[in-house]
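As structure tokens, the structure follows; a few thoughts come after it.
The values are calculated or read from the model by the stated rules, or taken from the named source; none is laboratory data. No experiment lies behind these values; they were computed from the predicted model shown. For neighbour counting, all protein chains shown are included, and Cβ atoms are generated from backbone atoms with ideal geometry for every residue, glycine included.
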Amino acid sequence: MLKRSKHAVFYVVLAGVLLLSAGYGAAEEVNPSAAIAVGWQRLNTQSYTKSLILIRKAGTEQWQAVDSPNPPETNRDVKLNAASCANNSCVAIGWLSEQSFESAGRPLIYVSHNSGMKWNLVTPSVPVDSYFNTVTCTHNTCLLVGAEALEGQLKPLILRSTDAGDSWHTITNLPVLPADIANLVSLSCTDSQCVTVGSYDDPANNGARQFLILASQDAGQSWTLQSAPSPTPGYVNNTLYSVSCKPGTQHCVAVGKIQKSNWNGESHSVALYSDDGGQNWTQEKIAAPNHTSLTAVSCTNMAYCASAGTTTSSDQQSFTPALFLQTNMQPWRSIDLQNVLPKGAGLQSISCVANECAMSGFSGSENILAVSHNGGENWLLVTPHFATRPYQYGIKSVSVG
């Protein structure tokens, strides 16, 4: 059963410098796009976590930590899950942790109108015990998805803004879903076409977890439930973690995993495809090792998609990064990262615009931020710049463009 967890999963890095790894051959002149990465930071061994926002200005290689306001509650952890920018405005969403069982956590929205250099807190009108998973902005319209926790169970939640994040309203006319317990975790919009994905616990199938897909043709004002491919027989934990639609097309890709049991059962990565804006989908396995979970996908107008995740050992004790590229709808191919990323790394977020990509991940106590200037073929590790380096920090997600 899907239940709300007190704390989202984040990965930690001890204060130190990541090694710069040369994933490229000959040096080449690049002009990086603007980008943003978000997560959390801990200033010392005793402090609570506060928000972390890293900005890469267009035309530079440097990722710079910028100041962001803290909620008035100083004795609570703050962690950011995702961010999105359009024009000069950016929105970052996250979570203020519970202080105790008597003091619920609450969702947070940060808004910037100067390309992420200065931020303000916005208080959304949603139930306190809600949280946000991801956000996307196109022009002045922003959408975020998440869940409202009712008696420990999750109900899908979609919020919409038409003023670049300054004010929000909840979409109340969501379609009737096949189950009461459901969660939306990823969202993609191109112009007026939007798709959001997640999972639900199927009461007609002993609570087996199934794919959940909603689509909108009016920039998120109204949504329809879409039929997902039938579950693979014997697999009871089928989850979509990410969706991306190619700009200017009707082509969308969603990725996730299918698993034979909820706890350490045989599992495989999976990709779903739609060529009509998310209304109809077909399923295809990606040729990845068993126990590979793809948690992120990003498709561009350059005829390629990139998907990232992690392969876990059967004993759940070791990790291997999983990165796949698909060009012109050809079969997905694996990208070798062993000479770029630290041993035991896993990936959790990827974002690409044109030939520019960024991804985040983890390796034990190290945090990973990497960039590519040639469509995900080659990668470089980068180290964020801080005015005052924190004791620990974690990067949850990245967004380019």
Within the set of pairs 6 or more residues apart or between chains, which connect a residue that is under 29 Å from Asp275 (Cα atoms) and at pLDDT 95 or above inside segment 320-345 to a residue that is charged (D, E, K, R) and exposed (fewer than 12 other Cβ atoms within 10 Å of the Cβ) with Cβ atoms less than 6 Å apart? none
For segment 232-249, does any single residue satisfy the condition of being of a type outside the set (Asp, Glu) and in contact with a helix residue (DSSP H, G or I) (Cβ under 9 Å, 6 or more places away or on another chain)? yes
With the condition kept exactly as written, say whether any residue in segment 58-67 is modelled with pLDDT of 95 or more, closer than 23 Å to Val371 by Cβ and crowded, with 20+ Cβ neighbours inside 10 Å. yes
Condition check for Glu98: part of a strand (DSSP E or B) and of a type in the set (Asp, Glu): no
Please identify the pairs in which a residue from segment 192-221 that is more than 14 Å from Pro178 (Cβ to Cβ) and modelled with pLDDT of 95 or more has its Cβ atom under 9 Å from the Cβ atom of a residue that is surrounded by fewer than 23 Cβ atoms within 10 Å (Cβ to Cβ) and among the basic types (Lys, Arg), counting only partners at least 6 apart or on another chain. Ala219/Arg160; Gly220/Arg160; Gln221/Arg160
How many residues, within segment 292-328, are surrounded by 23 or more Cβ atoms within 10 Å (Cβ to Cβ) and outside any strand (DSSP E or B)? 0
Candidate set from segment 348-362 (those that are of a type in the set (A, V, I, L, M) and part of a strand (DSSP E or B)); member that is modelled with the lowest pLDDT: Val353
Just to be sure, is Ser130 out of contact with any Lys or Arg (no Cβ under 7 Å at 6 or more places or on another chain), closer than 30 Å to Ser227 by Cα and surrounded by 14 or more Cβ atoms within 10 Å (Cβ to Cβ)? yes
Tally time: how many residues in segment 161-192 are assigned to a strand (DSSP E or B), over 18 Å from the mean Cα position of the chain (by Cα) and either basic (Lys, Arg) or buried (at least 23 other Cβ atoms within 10 Å of the Cβ) (or both)? 1
